[in-house]
Amino acid sequence: MPRLYMCMNEETFCISAKSAFPADEISEVAFKVFGIRTLYPYQRLVIANIMDAAKDEPEVSAESDDDTASLNKQIVLLPTGAGKSLCFQVPALLLPGATLVIYPLLALMSDQERRMNAVGIKCAILRGGQSAEEREGAFAKIESGAKIVIANPEILAVPEICMRLKKCALSHIAIDEAHCVSEWGDTFRPAYLELGKIIDELNAPVVTAFTATASPEVLSRISDILFGGAAHIVRG
């Protein structure tokens, strides 16, 4: 099998050509659903990591300073506007179960719901302040095949919500704006500090944290809180 080597800052990633460029379903979903004709190499890399980890097929290997880092526990640092959302939206349409996407702000959640509806992706929102009917409607969508579940940390900290989501057999958990774990968790958003426990409880096969900027200290804090200090890091 030919190998593709990509350099991204400190790390060199060795990806099988088969995994990185399937030239089929990933490209087709990106174009048919999102109108994206070409994905960037780093988007391909992150998507390939997610897909391989979800399928428990370790075709993607990496030379890393941390031998304990696994592709199913990944932190992705990409600049603002680099297309982070596609890195979890494309796999969401290819994986068997739903993808849970955790956002810090209600405005972001509503914006993403609008974007998903615009391209015909079935999604469900879980947030505080919902009526019993709205909450049941959201779970009905999940149970009937919604591919993306949009939520914030506070609603996931509610034990009943967490237990019901666990029964939905999530395929992937994505934490967007993951720097909030470090920057807000110790102050006015303590629910962020509970995300590691919530992730363990939900038991999804793959968890990916996304952020645009993170100092070494913030990156270490994200890794500690979400992944117990062992995370595979991709820098774009």
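The values are calculated or read from the model by the stated rules, or taken from the named source; none is laboratory data. Computed from a predicted model, the values in this text were never measured in an experiment. Reconstructed Cβ throughout: ideal geometry from the backbone, glycine too, with neighbour counts over all protein chains shown. Each accessible area value is taken on the protein alone, full model and side chains, heavy atoms only, with ligands, DNA and RNA left out. Shrake-Rupley method; radii C 1.70, N 1.55, O 1.52, S 1.80 Å.
Only one of the listed residues (Ile150, Ile142) is part of a helix (DSSP H, G or I) and surrounded by 18 or more Cβ atoms within 10 Å (Cβ to Cβ). That residue is Ile142.
For the range 169-180, the condition holds for no residue, the condition being that it is touching a residue at least 24 places away in the same chain (Cβ under 8 Å) and either among the aromatic types (Phe, Trp, Tyr) or in contact with an Asp or Glu (Cβ under 9 Å, 6 or more places away or on another chain) (or both). Evaluation of Val76 against the conditions (1) more than 20 Å from Ile26 (Cα to Cα); (2) touching a Phe, Trp or Tyr at 6+ places or on another chain (Cβ under 7 Å) shows that the sole unmet condition is (1). Residues that are closer than 16 Å to Gly97 by Cβ and either at pLDDT 95 or above or touching a Leu at 6+ places or on another chain (Cβ under 9 Å) (or both) within the range 169-184 comprise Leu170, Ser171, His172, Ile173, Ala174, listed in sequence order. Of Ala169, Ala174, Ala191, all but one fail to be farther than 11 Å from Ile225 by Cβ and part of a strand (DSSP E or B); the exception is Ala174.
Total residues in the range 90-114 satisfying the condition of being assigned to a helix (DSSP H, G or I), touching a residue at least 24 places away in the same chain (Cβ under 8 Å) and open to solvent by 10 Å² or more (accessible area, probe 1.4 Å): the figure is 6. Considered as a group, the residues in the range 211-232 that are hydrophobic (A, V, I, L, M, F, W, C) and either assigned to a loop (DSSP other than H, G, I, E, B) or open to solvent by 40 Å² or more (accessible area, probe 1.4 Å) (or both) include one that is modelled with the lowest pLDDT, and that residue is Ala214.
Of the numbered criteria (1) touching a residue at least 12 places away in the same chain (Cβ under 8 Å); (2) assigned to a loop (DSSP other than H, G, I, E, B), the one Asp186 fails is (1). Can you confirm whether the range 159-181 contains a residue that is open to solvent by 10 Å² or more (accessible area, probe 1.4 Å), more than 19 Å from Ala92 (Cα to Cα) and among the small types (Gly, Ala, Ser)? No. Just to be sure I understand the filter: pairs with C-beta atoms under 7 Å, separated by 6 or more residues or on different chains, first member in the range 135-152 and farther than 8 Å from Ala124 by Cβ and modelled with pLDDT of 95 or more, second member among the polar types (S, T, N, Q) and not in a helix (DSSP H, G or I). Which pairs pass? Listed by first residue and then by second, the contacts come to Lys147/Thr99. The lone criterion from (1) surrounded by fewer than 17 Cβ atoms within 10 Å (Cβ to Cβ); (2) part of a strand (DSSP E or B); (3) of a type in the set (S, T, N, Q) left unmet by Thr208 is number (1).
Total residues in the range 193-205 satisfying the condition of being open to solvent by 50 Å² or more (accessible area, probe 1.4 Å), within 24 Å of Leu45 (Cα to Cα) and in contact (Cβ under 8 Å) with a residue 40 or more places away in the chain: the figure is 1.
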